[in-house]
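Engineer: I'd like to ask you about the structure that follows.
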Number of protein chains: 2
Amino acid sequence: MTTLDSERFADFLRTNALKATATRRLIFREIMASSSAHLDADEILLRLRKKGKSVSLATIYRTLGLLVRSGLVGRVDLGENHAHYEREGPRAGHGHLICLSCGRVIEFADSAVQGALAQIGEEFSFRLDKFSLQIFGSCADCRR
Amino acid sequence: MTTLDSERFADFLRTNALKATATRRLIFREIMASSSAHLDADEILLRLRKKGKSVSLATIYRTLGLLVRSGLVGRVDLGENHAHYEREGPRAGHGHLICLSCGRVIEFADSAVQGALAQIGEEFSFRLDKFSLQIFGSCADCRR
DNA sequence: TTTAATGCAAACATTTTGCACCCTG
DNA sequence: CAGGGTGCAAAATGTTTGCATTAAA
């Protein structure tokens, strides 16, 4: 997590007349700290507990809502029955390769894909806001 | 729905020692009939009720499970908090353009996208089984 | 007649909400 | 010290499951 992230978060709170509480900072840091983990609400709770921090699931969900609205965090569907959350980098949209054997999630950003999507937007005269792209299959390790 | 679909369904049931019940046929037909509707479990229930058919939600979910396993139906996440189901045509994978204003869902299949995805698979030495691609934004009508 | 399918209600899992109390600004 | 934030428990969804009954093969 960069200082810049923290400032963006602080700005967001200030702009919306929201309070910068200790609990919010904890949750925010937990997500930013594990940029490759794609945490879910429960996992965040567990990680905070392991650090001796007591936070309620309700507050985690409420804070996740704020973070998603702020644009700092993205909600992802990885094919499970609950949402996962990931740091929304400054980079453009990206997709996920999800291994159905080991559950590993590999992120990728590909300009060819992005170009093709932009093309589709034009073709249907559809303005793209964001996209969600998940590829399910099996990774190299699991196929050996 | 084609006769071929019905036969594929019948075959699937026979092969797996499952019974071809009236209820299963009803549910199956309802999904196949509305190829562009992307129904959810509740919508299927309502449509069957409107036709005077009484089916339980439990059976709808159980049958949807079968249909997905058979490959005749696909489960899609359209950004709502529940699953939608669509006829899994014989065509290759496709994506959805989802209008955030009116909720309209436009399907598209694009070879450029598919090519780019195959490329990514190779790059990461990942075997692609299927993909899920949703684009959120606003359609031409809603932008007027 | 044997085995699976159905409906119902209860169980589950995830996420949201109401409310009394606490803390930040 | 005013107004939002928090935890807790309860509610709201969406989906699954156990069990007695019904129906397909």
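Engineer: Of the residues that make up the stretch B:39-47, is at least one at pLDDT 95 or above, near DNA strand D (Cβ under 8 Å from one of its atoms) and of a type in the set (Lys, Arg)?
Structural biologist: no
Engineer: Would a scan of the stretch A:32-41 turn up a residue that is touching a strand residue (DSSP E or B) at 6+ places or on another chain (Cβ under 6 Å) and assigned to a helix (DSSP H, G or I)?
Structural biologist: yes
Engineer: To continue, here is another question. For the stretch A:48-68, how many residues meet the condition of being assigned to a helix (DSSP H, G or I) and away from DNA strand D (no atom under 12 Å from the Cβ)?
Structural biologist: 2
Engineer: Tell me the residue from A:VAL73, A:VAL113 that is at negative phi and away from chain B (no Cβ under 11 Å), please.
Structural biologist: When all the criteria are applied, what remains is A:VAL73.
Engineer: Right, something else. Where residues in the stretch A:37-60 are more than 12 Å from DNA strand C (Cβ to nearest atom) and surrounded by 16 or more Cβ atoms within 10 Å (Cβ to Cβ), which of them is nearest to the chain's Cα centre (by Cα)?
Structural biologist: A:HIS38
Engineer: Given the structure, is A:GLU86 in a strand (DSSP E or B) and within 16 Å of DNA strand C (Cβ to nearest atom)?
Structural biologist: yes
Engineer: Now, a different point. Of all residues in the stretch B:109-126, which are free of Cβ contacts under 8 Å to residues at least 12 places away in the same chain and among the acidic types (Asp, Glu)?
Structural biologist: Scanning the stretch B:109-126 gives B:GLU122, B:GLU123.
Engineer: If I ask for residues that are among the charged types (D, E, K, R) and either more than 8 Å from DNA strand D (Cβ to nearest atom) or surrounded by 11 or more Cβ atoms within 10 Å (Cβ to Cβ) (or both), which ones from the stretch A:7-25 would you list?
Structural biologist: Across the stretch A:7-25, the qualifying residues are A:GLU7, A:ARG8, A:ASP11, A:ARG14, A:ARG24, A:ARG25.
Engineer: Could I ask something else about it? Being surrounded by 12 or more Cβ atoms within 10 Å (Cβ to Cβ) and assigned to a loop (DSSP other than H, G, I, E, B) narrows it down to one of B:GLY121, B:GLY137, B:GLY93, B:GLY115, so name that one.
Structural biologist: B:GLY93
The values are calculated or read from the model by the stated rules, or taken from the named source; none is laboratory data. Since the model is a prediction, treat every value here as computed from it, not as a measurement. Note: ideal-geometry Cβ built from the backbone for every residue, glycine included; neighbour counts use all protein chains shown.
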